[in-house]
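Down below is the structure, laid out as structure tokens.
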Amino acid sequence: MRFALAILFALVPAAAFAQGAPTTISFAARLTDANGTAIAGTHDFAFALYDAASGGTQLWTETQASVSVPVDGVLYLDLGSTTPLTSALLNGNARYLEMSVDGVVSDARVTIESVPYALSASLANHAADADALGGQPIGYFQRAIGSPCSSGNYVQGIGGDGSLMCAPDQSAMYLAGSGLTLAGSTFSVDANAVQARVNGMCATGAVSAIGSDGSVTCAAIPNYLAGTGITIATNTIAADFTTVQHAIGACAAGSVVNSVSAAGVPTCYSAGSGLTFDSGTQAFDVDKATIQAKITPAFGVATGSSTTNSNVYTDLGAGAGPLATATIPASGMALVTVTARISSLNSGNLACMSFAGAGATAVDSQALCYDGGDTVQFSATYLASGLTPGSQTITAKYRTTGGHNATFANRAITVVPVP
């Protein structure tokens, strides 16, 4: 909700000056909304003083909560009743008051008139000690110091009236320390103890000594001989890199040094496609996320022969089988091969060998079926999907049609996981 602020009265001090500088000033205004309707009721007010009509620096702020405003919208408050106002704040410079009602800031800041600056009149309360400073009489303070001591004298004391007590300079008071000499009143550097600035150089050869006056003594460079791994050319000594190894460069992370050239350049081996490199063990390994891991097929064989006339898939004889236990991968797929010698003398009736397990059910569409009339040995392979991953057992199952007997011999099952 926007609101307008109409000033009804000038801001004035809320306390008599004779009793010291006031810390509050009276404030009166009429509050209306954007349509000119008076704002009444209980509201929370926030006030702030700035040094500019907009923006600027906030110098003072206070909040007065749950203030009751009459129906005519006229607001009377004492600013400073929560956070006191000071003469240092209202010092004659322009100040701008900003008001917020229930968190909503007024349309514009209000310029504070000159009357509140009477806060500074609190200084008049000190008229009784106008001849004092900080409450102390003039005699409490040191007077200005008079003329300096003449040449060859030093200050020995200062009188209360500012006059200096001078005394002749006494050189005996000072002693020359290490590296200094004292002659009369003059200290100098002792050239016998302190090195003078070096002021020479050697055109050829090398500096062999420096005098106390800074002069240099030159000497010829000895005739050095190059030893193993060293070369000397035009007074320059260098490493012989045909003998000494250069600093060796580094291989990139995830690779190893195979060889290093004379210039220090390494030949690096890194893991290529389908390989990984372990920097801890310094070993290359096959990346099984890229290269197919070795597949271990599972086999199951049943000896002897058994007969059934079951119209639904079942086990043969007293035991199940054959069966194969394999680790089904996350793909849930495996190649399943069933093999048997089937004898059925009833032509037109089926004798079938299928498989079940790992979530798969025996069905004719994934079965080795013979329609009868003779004895045959054959096999069939099927891609089984939707299998349950992990270690699973897949078992051969059998059935016939028409209620006729069928004999199964030389039975086998093979399970090959498919990634």
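The values are calculated or read from the model by the stated rules, or taken from the named source; none is laboratory data. Since we're looking at a predicted model, the values are computed, not measured. Backbone-built Cβ (ideal geometry, glycine too); neighbour counts: all protein chains shown. SASA here: full protein model, heavy atoms, side chains in, ligands and nucleic acids out. Shrake-Rupley method; radii C 1.70, N 1.55, O 1.52, S 1.80 Å.
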Listed by first then second residue, the pairs whose first member lies in region 175-190 and is among the aromatic types (Phe, Trp, Tyr), whose partner is at pLDDT 85 or above, with beta carbons under 6 Å and at least 6 positions apart or on separate chains, are Phe187/Leu180
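If we keep just the residues of region 22-39 that are part of a loop (DSSP other than H, G, I, E, B) and open to solvent by less than 40 Å² (accessible area, probe 1.4 Å), which is modelled with the lowest pLDDT?
First pass over region 22-39, keeping only residues part of a loop (DSSP other than H, G, I, E, B): 22-24, 34-37, 39.
Right, trim to open to solvent by less than 40 Å² (accessible area, probe 1.4 Å) and you get 22, 24, 39.
On the way: Pro22: 57, Thr24: 84, Ile39: 87.
Result: Pro22.
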Among the residues of region 194-202, is any closer than 30 Å to Asp240 by Cα and free of Cβ contacts under 8 Å to residues at least 24 places away in the same chain?
-> yes
Of the residues in region 342-374, those that are free of Cβ contacts under 8 Å to residues at least 40 places away in the same chain, hydroxyl-bearing (Ser, Thr, Tyr) and surrounded by 13 or more Cβ atoms within 10 Å (Cβ to Cβ) come to Tyr370
The condition from (1) in contact (Cβ under 8 Å) with a residue 24 or more places away in the chain; (2) at positive phi; (3) open to solvent by 20 Å² or more (accessible area, probe 1.4 Å) that Leu335 misses is numbered (2)
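Which residue, of Ala252, Ala293, is in contact with a strand residue (DSSP E or B) (Cβ under 9 Å, 6 or more places away or on another chain), part of a loop (DSSP other than H, G, I, E, B), at pLDDT below 85 and open to solvent by less than 60 Å² (accessible area, probe 1.4 Å)?
Numbers: Ala252 fails: open to solvent by less than 60 Å² (accessible area, probe 1.4 Å).
Matching residue, one of Ala252, Ala293: Ala293.
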Q) Any chance region 303-324 includes a residue that's surrounded by 12 or more Cβ atoms within 10 Å (Cβ to Cβ), among the acidic types (Asp, Glu) and at pLDDT 80 or above? A) yes
inquiry  = Looking at the structure I just gave you, is Val104 touching a residue at least 60 places away in the same chain (Cβ under 8 Å), open to solvent by less than 50 Å² (accessible area, probe 1.4 Å), farther than 23 Å from Thr23 by Cβ and not aromatic (Phe, Trp, Tyr)?
reply    = yes
For region 143-167, the count of residues that are open to solvent by 70 Å² or more (accessible area, probe 1.4 Å), modelled with pLDDT under 80 and in contact with a Gly (Cβ under 7 Å, 6 or more places away or on another chain) equals 3
Subset of region 375-406, residues more than 60 Å from the chain's Cα centre (by Cα), under 22 Å from Ala324 (Cβ atoms) and open to solvent by less than 50 Å² (accessible area, probe 1.4 Å), comes to Ala380, Ala396, Lys397, Tyr398, Arg399
Scanning region 176-192 residue by residue, those modelled with pLDDT under 80 and either surrounded by 12 or more Cβ atoms within 10 Å (Cβ to Cβ) or under 58 Å from the mean Cα position of the chain (by Cα) (or both) turn out to be Ala191
Considering region 325-343, residues that are out of contact with any Phe, Trp or Tyr (no Cβ under 6 Å at 6 or more places or on another chain) and small (Gly, Ala, Ser), and then whichever is nearest to Leu383 (Cα to Cα), we arrive at Ala334
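Could you look through region 43-97, keep only residues that are part of a strand (DSSP E or B) and either among the small types (Gly, Ala, Ser) or at positive phi (or both), and pick out the one that is least open to solvent (accessible area, probe 1.4 Å)?
Residues of region 43-97 part of a strand (DSSP E or B): 43-50, 58-69, 74-79, 96-97.
Imposing the further condition that a residue be either among the small types (Gly, Ala, Ser) or at positive phi (or both) reduces the set to 46, 48, 65-66, 68.
Working: Ala46: 33, Ala48: 7, Ala65: 68, Ser66: 85, Ser68: 90 Å².
Top of the filtered list is Ala48.
Yes/no per residue for (1) in contact with a His (Cβ under 9 Å, 6 or more places away or on another chain); (2) within 22 Å of Asn311 (Cα to Cα); (3) in a loop (DSSP other than H, G, I, E, B):
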| position | (1), (2), (3) |
| --- | --- |
| Ala340 | no, yes, no |
| Gly348 | no, yes, yes |
| Ser365 | no, yes, no |
| Gly372 | yes, yes, yes |
| Thr381 | no, no, no |
| Leu387 | no, no, yes |
| Tyr398 | no, yes, no |
| Gly403 | no, yes, yes |
| Thr407 | no, yes, no |
Among residues of region 67-115 being at pLDDT below 85 and among the small types (Gly, Ala, Ser), the residue farthest from the chain's Cα centre (by Cα) is Ser114
